[in-house]
Protein chains: 2
Amino acid sequence: MNYVKDGAAIYRESFSIIRREADLKEFQPDLARVVVRMIHACGMTDLAQDVQASADAAAAGVGALRTGAPLFCDATMVASGITRSRLPGNNEVICTLNDPRTAALAKELQTTRTAAAVELWRDRLAGSVVVIGNAPTALFHLLGLIETGAPHPALIIGIPVGFVGAAESKQALAANSLGLPYLTVRGRRGGSAIASAAVNALACEDE
Amino acid sequence: MNYVKDGAAIYRESFSIIRREADLKEFQPDLARVVVRMIHACGMTDLAQDVQASADAAAAGVGALRTGAPLFCDATMVASGITRSRLPGNNEVICTLNDPRTAALAKELQTTRTAAAVELWRDRLAGSVVVIGNAPTALFHLLGLIETGAPHPALIIGIPVGFVGAAESKQALAANSLGLPYLTVRGRRGGSAIASAAVNALACEDE
């Protein structure tokens with residue numbers, strides 16, 4: 001079988017196809033680079049039309065990561081998709097979904113395990129980068145926490161996927177009146193690969 | 001904020017929306033169940049039109065998992081997305097991407113690290129379930145291995161994503177003349193979440 005086996009060449013060609021096909025003109029260059037990598041993770045150039053971000057999102061993410069901000073992830077797949085060698089500040093990647101306290105907390109708060117896991121981030125939320133790639137309830141819970149006084153992350157990458165609450169939770173993130181820097185994808189599409197790709201782009205300029 | 005917090009209710013409602021919206025009539029019931037879960041993982045009901053599988057795919061996957069077949073994954077995200085508690089046969093989930101031998105092997109074979117990692121599956125491929133959710137080169141390499149005499153897996157879930165080689169490698173899988181049971185998604189779309197969702201559906205009938 002005849003196919004390209006050079007990893008670097010595959011990346012180069014992939015990113016060049018994306019830049020040729022995707023409509024990126026509404027994005028500033030630093031955000032466009034992030035959108036390119038998000039598209040790379042899902043194979044859909046039309047994802048660009050649904051990406052929505054606050055004006056300060058890319059700068060906030062890059063700055064926080066460079067100064068060593070921890071990354072809070074809602075799912076192990078998200079954590080697994082973050083390329084550790086790209087992280088500029090020896091950043092800790094934290095997922096509390098399987099923390100021994102989470103199940104009891106979910107019962108107590110009468111919510112999902114993923115939402116309860118967010119509760120455990122509270123003490124270190126200030127200046128962190130939050131990456132939600134799976135559960136709408138995690139994003140809703142986070143917004144509720146912050147509205148009721150929890151510290152502000154430097155950036156919320158809120159890209160849960162699915163049919164119940166995903167579009168609504170992302171709409172709530174984009175409409176937040178707290179001035180929270182955010183990056184999201186409108187509608188049902190999203191997921192851990194797209195979310196961790198955004199982190200990988202913010203972490204390092206290499207393509 | 002008002003939103004559904006009952007995990008089981010969210011699943012039920014999600015699967016019900018998918019069954020209402022997706023065109024599943026060309027699939028046998030056992031495969032339709034798998035397609036529903038793949039759609040759940042990506043938020044796109046029109047994925048159904050691109051799902052392609054051999055007639056024996058679902059039965060082969062279910063049977064192999066029940067008898068304890070190992071799962072070979074091309075990426076840690078794929079491995080991470082497989083819900084261990086759903087696996088019926090105490091199945092081992094194996095990803096050799098970060099095996100200490102892989103980097104040297106990639107150099108020797110002049111291929112990507114992901115393709116080289118496949119080389120390490122050879123001795124246990126017979127009757128296994130292969131799950132490729134990231135790299136086209138891994139799928140191409142696997143097909144090459146089998147064409148040149150490596151044992152046949154029970155099922156190949158070949159759903160790499162992307163712009164270079166993804167569509168082509170999946171076409172090669174679907175066109176295989178070796179009678180290999182397969183499940184794939186035509187075109188550029190795919191990824192670790194869709195691939196591991198397929199495994200999770202085959203592993204257990206619970207929705």
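Determine the sum of side-chain charges near A:Arg12: Lys and Arg each +1, Asp and Glu each -1, restricted to other residues whose C-beta is under 10 angstrom from that of A:Arg12.
Net charge in that neighbourhood comes out at -3.
Which ³J(HN,Hα) values in Hz, rounded to whole numbers, follow from the phi angles of region A:119-128 under the Karplus curve 6.51 cos²θ - 1.76 cosθ + 1.60, where θ = phi - 60° and Gly and Pro get x?
Result, ordered by residue: 3, 6, 8, 2, 5, 10, 5, 4, x, 7 Hz.
Given label points at 7 Å from Cα along Cα→Cβ, what nm distances, shortest first, separate B:Arg86 from the same residue in every other copy?
Once sorted, the set of distances for B:Arg86 reads 2.6 nm.
Arrange A:Cys95, B:Cys42, A:Cys73, B:Cys204 by Cβ neighbour counts within 10 Å, fewest through most, would you?
B:Cys204, A:Cys95, B:Cys42, A:Cys73
Could you grab the relative contact order for region B:83-159? Cα pairs under 8 Å, six or more apart, rounded to a whole percent.
Reported relative contact order: 28 percent.
Under a 5 Å amide H to amide H cut-off, with H placed in plane at 1.01 Å, what residues pair with B:Cys73 once short-range neighbours are removed?
B:Ile94, B:Cys95, B:Thr96, B:Val131
Count the net charge of all other residues whose Cβ sits under 13 Å from the Cβ of A:Trp121, scoring Lys and Arg as +1 and Asp and Glu as -1.
Counting the neighbours of A:Trp121, the net charge comes to -2.
Measure nothing fancy, just the Cα-based angle from helix A:136-147's long axis to the longest principal axis of chain A, in degrees from 0 to 90, nearest 10.
Taking the Cα atoms of chain A, the angle to A:136-147 is about 60 degrees.
Given +1 on the Cβ of Lys and Arg, -1 on the Cβ of Asp and Glu, and no further charges, what dipole in debye does the protein assembly as shown carry about its Cα centre, rounded to the nearest 20?
Once rounded to the nearest 20, the dipole reads 220 debye.
One decimal, nm, shortest first: give the distances between the label point of B:Gln49 and those of the same position in the other copies, each label point 7 Å from Cα along Cα→Cβ.
When each copy's label point is compared with this one, the spacings are 1.4 nm.
Would you mind giving the mean number of other chain beta-carbons within 10 Å of the Cβ of each residue in B:39-48, as a whole number?
Mean number of neighbouring Cβ atoms from other chains: 4.
Can you tell me what share of the DSSP beta bridges in chain A is antiparallel? A percent to the nearest 5 is fine.
20 percent
What is the minimum Cβ-to-axis distance for chain B, in whole Å, where the axis maps B onto A, and to which residue does it belong?
B:Ser80, 2
Could you calculate, for chain B, the ratio of the Cα radius of gyration to the Kirkwood radius, expressed as Rg to Rh?
On the Cα set of chain B, Rg over Rh gives 0.97.
Go through region A:25-30 residue by residue and turn each phi into a ³J(HN,Hα) via Karplus (6.51, -1.76, 1.60, θ = phi - 60°); whole Hz please, and just put x for glycine and proline.
After applying 6.51 cos²θ - 1.76 cosθ + 1.60, I find 5, 7, 9, 5, x, 5 Hz.
So, counting K/R as plus one and D/E as minus one, what does the shell of residues with Cβ under 15 Å around A:Ala75 add up to?
Once positives and negatives cancel, what remains is 0.
Using +1 on the beta carbon of Lys and Arg, -1 on that of Asp and Glu, and nothing else charged, what's the dipole of region B:103-207 about the Cα centre, debye to 20?
340 debye
Which order results if A:Leu120, B:Leu109 are arranged by neighbouring Cβ count within 10 Å, fewest first?
So the ranking, lowest neighbour count to highest, is B:Leu109, A:Leu120.
Size of the dipole of region B:7-203 about the Cα centre, Lys and Arg at +1 and Asp and Glu at -1 on the beta carbon, nothing else charged, in debye to 20?
360 debye
Please order B:Ile17, A:Ile82 by the number of other Cβ within 10 Å, starting at the fewest.
Ascending Cβ contact count within 10 Å gives the list B:Ile17, A:Ile82.
Suppose you put the label 7 Å out from Cα in the Cβ direction; list, shortest first and in nm with one decimal, how far A:Arg124 is from each other copy's label.
Counterpart label points of A:Arg124 in the remaining copies fall at 3.2 nm.
Determine ³J(HN,Hα), in whole Hz, for all residues of region B:50-66 in sequence, where each value follows from phi through the Karplus function 6.51 cos²θ - 1.76 cosθ + 1.60 and θ = phi - 60°; x replaces Gly and Pro.
9, 6, 9, 8, 6, 4, 9, 4, 4, 4, 5, x, 4, x, 5, 5, 5
Angle, helix A:7-21 long axis vs. longest principal axis of chain A, Cα atoms, 0 to 90°, nearest 10?
Orientation of helix A:7-21: about 90 degrees from the principal axis.
After finding the eigenvalues of the alpha carbon gyration tensor for the protein assembly as shown, what semi-axes result from the square roots of 5 times each, listed largest first in whole Å?
After diagonalising the Cα gyration tensor, the semi-axes are 33, 25, 20 Å.
Every number in this text was worked out from the coordinates using simple rules, so none of it is lab data. It should be emphasised that the depicted structure is a prediction, and the values quoted were computed from it without experimental measurement. Note that each Cβ is placed from the backbone with ideal geometry, even for glycine, and that neighbours are counted across all protein chains shown.
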